[in-house]
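Read the structure below first, then the notes.
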Amino acid sequence: MNKSFQSGNRVRIIDSIRGFSLLGILLCNMLIFQYGMYGKDQLHFFGLSNWDLAMDQVLLIVAERSFMPIFMFLFGYSLFKLRDRLAQSGFTPWRSLVRRFSLLIVLGMLHGFYLWDGDILLPYGAIGFLLLLFVKRKAKTLVIWSAVLSALFVGSSLLAIASPNEEVGNKDAKIDAYIERSITVIGQGSYSDIIKFRAEDPTLLNKGIGSKILLGFVAMPIMLLPMFLLGIAAAKKGWFHNPHQERRRYWLMVGWLIPLGAGLKSVCVLLLHDKTWSAGLIEFGGQLLALGYIGAFALALSHLSSSSFFRIAFESVGRLSLTNYLMQSAICTTLFYGYGLGWFGKIGITYGILLAIVIYSFQAIASSFMLRYVQYGPLEYLLRIWTYFSFKGKPRLSKTVVSDKTVNL
């Protein structure tokens, strides 16, 4: 095993890919920070130039729905590694993991309500409980489940076309009014104004909210689980432990999945303008492209030395992924919301992309500097304390494990 790709229990290439995914996630989230959860799909309200509209199409194809799945894949991969490490340390894995997922849910609720409504921590924490049902399954079983769930999601989205919805026109009118108000409220309002405005979300005010929430709980696992399960399967197979020996696999991922994923998304974005038709296909294309990106980045990293500037930068951001993710929300809401600089809907998509790169570069430098002096970021440390139930943030070996190690010596 190449030691430069592994440090202790960490698979360093996974940290680097996680850091890479955070750059793509920030590029996508920048649209939501700038135009809101609904406004990003109705850009005609913001009077953008043709160039910015073209850049939006580019982001839809190369980034949106293709970087978040990378994070899901790595979540599943790391979950298996963590469970394995907990078992080796004499812990009862499910207890520690339940605590970990519970804290993610709490952090997600606080983040989503008090800072930014585009939170992913809450659904990830919730999905974590479902993953406990799969983590012991064979890799082949996980791949089959992933394929079945992906097919089910695409199929259900296509079948939705045949289901007439008389409320669509009324719902669209409410969303349009909400977007128009968001330009003033989010761009100029106070912190309390923005919190109150989120509660006026038109999808939450529609009739039958109970049934829609229930449908969301059913649909979310079908949509999200496939990439989580593939991550667990990859960890079981020991992917990324020997990148030099795995280059052929990476080349196959790049050669097949990037063209397929990008091609499918391009067709949906450029030709299938009806989002009812394209939603499920874009999601599936995004997953294929995500796997292709994982292969491409792993391939690139396999050619870089452990002291490479780019490798260290991405790895540092990835090691502090939770802290960096929440810091992106704090920085961007301060820049775009009324209680900060009030740039909401003003700087355009192109400058938003450049701003995302600047913010990420700052995070890479700050993360690299921080890790010279500490082993964990503040939120990573909090998560470890709660997971291991130890103020040191490290698993304590049980007496049985210590005794076994002594005998082996």
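The values are calculated or read from the model by the stated rules, or taken from the named source; none is laboratory data. Being a predicted model, the structure only gives us computed values, none of them experimental. Here the Cβ positions follow ideal geometry from the backbone for every residue, glycine too, while neighbour counts run over all protein chains shown.
Checked against the criterion of being of a type in the set (A, V, I, L, M) and over 30 Å from Phe33 (Cα atoms), the candidates Leu326, Leu252 yield just one match: Leu252. Out of Met37, Met55, one residue alone is under 20 Å from the mean Cα position of the chain (by Cα), closer than 28 Å to Ile347 by Cα and either surrounded by fewer than 21 Cβ atoms within 10 Å (Cβ to Cβ) or modelled with pLDDT under 95 (or both). It is Met37. Within segment 221-252, the set of residues being surrounded by fewer than 17 Cβ atoms within 10 Å (Cβ to Cβ), more than 23 Å from the chain's Cα centre (by Cα) and touching a residue at least 60 places away in the same chain (Cβ under 8 Å) comprises Asn242, His244.
Counting only helices (runs of 4 or more DSSP H) that sit completely within segment 229-331, those holding 1 or more residues that are closer than 23 Å to Lys81 by Cβ, polar (S, T, N, Q) and in contact with a Gly (Cβ under 9 Å, 6 or more places away or on another chain) correspond to 275-301, 309-319. No other residue among Lys275, Lys265, Lys212 is modelled with pLDDT of 90 or more and under 30 Å from Ala173 (Cα atoms) apart from Lys265. Quick one: which of Leu379, Leu341 is more than 30 Å from Ile183 (Cβ to Cβ) and modelled with pLDDT of 95 or more? Of Leu379, Leu341, the one residue that is more than 30 Å from Ile183 (Cβ to Cβ) and modelled with pLDDT of 95 or more is Leu379. For segment 142-173, residues that are at pLDDT below 95, assigned to a helix (DSSP H, G or I) and among the polar types (S, T, N, Q) total 4.
For Leu354, indicate whether it is within 30 Å of Gly187 (Cβ to Cβ) and either modelled with pLDDT under 95 or out of contact with any helix residue (DSSP H, G or I) (no Cβ under 9 Å at 6 or more places or on another chain) (or both). Judged against the criteria, Leu354 is a match. Looking only at residues that are among the charged types (D, E, K, R) and modelled with pLDDT under 95 in segment 3-33, which one is surrounded by the most Cβ atoms within 10 Å (Cβ to Cβ)? Going through the qualifying residues, I end up with Arg12. Against the criterion of being surrounded by 20 or more Cβ atoms within 10 Å (Cβ to Cβ), within 16 Å of Ala300 (Cβ to Cβ) and hydrophobic (A, V, I, L, M, F, W, C), Leu257 qualifies.
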